[in-house]
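Report on the structure given below.
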Amino acid sequence: MKAVSWKVAWIGMALAIGMASQAGASASTSPVDQQQAADAQVAKIGDPARYLANQREKVAAAKSGKNGKISSHDIRRLEAAEREIERLVSGRNNLNDLNSAERVTVYNAQETIAGITSGEDRTRMVCKRRQLAGTRLHTTECLTKEQSDARAAAAKEATRSTQNPSCVPGETSSCN
């Protein structure tokens, strides 16, 4: 009897995780469109030196409190995003030679800075490169921070509910 219960629990967990991973997927666009959005955003950067100076000004203004008070956690995130942009952009005359992963990194760092400085961090886009299961292909998935958090919460709840099934009378556990 216990072997059957475990099989049912594993099947239920697999279904729940599958459904949770699909939650929010309809809100995102196709991987090609997402990569094109990151590419277009990076292509808008004409002069890398001027772009770096602009990002430094935004971060400095945010840290000084010009846009309102921000937490020490957000200051660390701003500094990390600024370092990522600096690492990828400094010393380049043209950003067209960035590979797709680097363009996504620049895009994410730029969105982090924009989200924190504008006070709308929940609506910033976050893109991740993921390897498709069973293949060597990678895809870029872009969701807002809010959608990403909702997907993570749904997956966590689905896992919790399948790992802690409701009490079944007659089993060795007591029902309360």
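The values are calculated or read from the model by the stated rules, or taken from the named source; none is laboratory data. The model shown is predicted, which means the values in this text are computed figures rather than measured ones. Cβ sites come from the backbone with ideal geometry, for glycine too, and all protein chains shown count toward neighbours. For accessibility, only protein heavy atoms count, side chains too; no ligands or nucleic acids. Shrake-Rupley method; radii C 1.70, N 1.55, O 1.52, S 1.80 Å.
Tabulated values for the structure
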| read-out | value |
| --- | --- |
| Subset of region 138-155 (residues that are open to solvent by 90 Å² or more (accessible area, probe 1.4 Å) and either under 14 Å from GLN35 (Cα atoms) or in contact (Cβ under 8 Å) with a residue 60 or more places away in the chain (or both)) | HIS138 |
| Residue check for GLU102: crowded, with 18+ Cβ neighbours inside 10 Å, within 25 Å of LYS58 (Cβ to Cβ) and free of Cβ contacts under 8 Å to residues at least 24 places away in the same chain | no |
| Matching residues, region 45-60, being open to solvent by less than 70 Å² (accessible area, probe 1.4 Å) and in contact with a Ser or Thr (Cβ under 9 Å, 6 or more places away or on another chain) | PRO48, ALA49, LEU52, VAL59 |
| Answer residue from region 61-78, given it is open to solvent by less than 40 Å² (accessible area, probe 1.4 Å), under 11 Å from GLY119 (Cα atoms) and not in a helix (DSSP H, G or I) and is modelled with the lowest pLDDT among those | GLY68 |
| Hey, SER118 open to solvent by less than 80 Å² (accessible area, probe 1.4 Å), without any contact (Cβ under 8 Å) to a residue 12 or more places away in the chain and under 18 Å from LYS145 (Cα atoms) or not | no |
| Criterion violated by TYR51 - all others in (1) under 24 Å from the mean Cα position of the chain (by Cα); (2) farther than 25 Å from LYS128 by Cα satisfied | (2) |
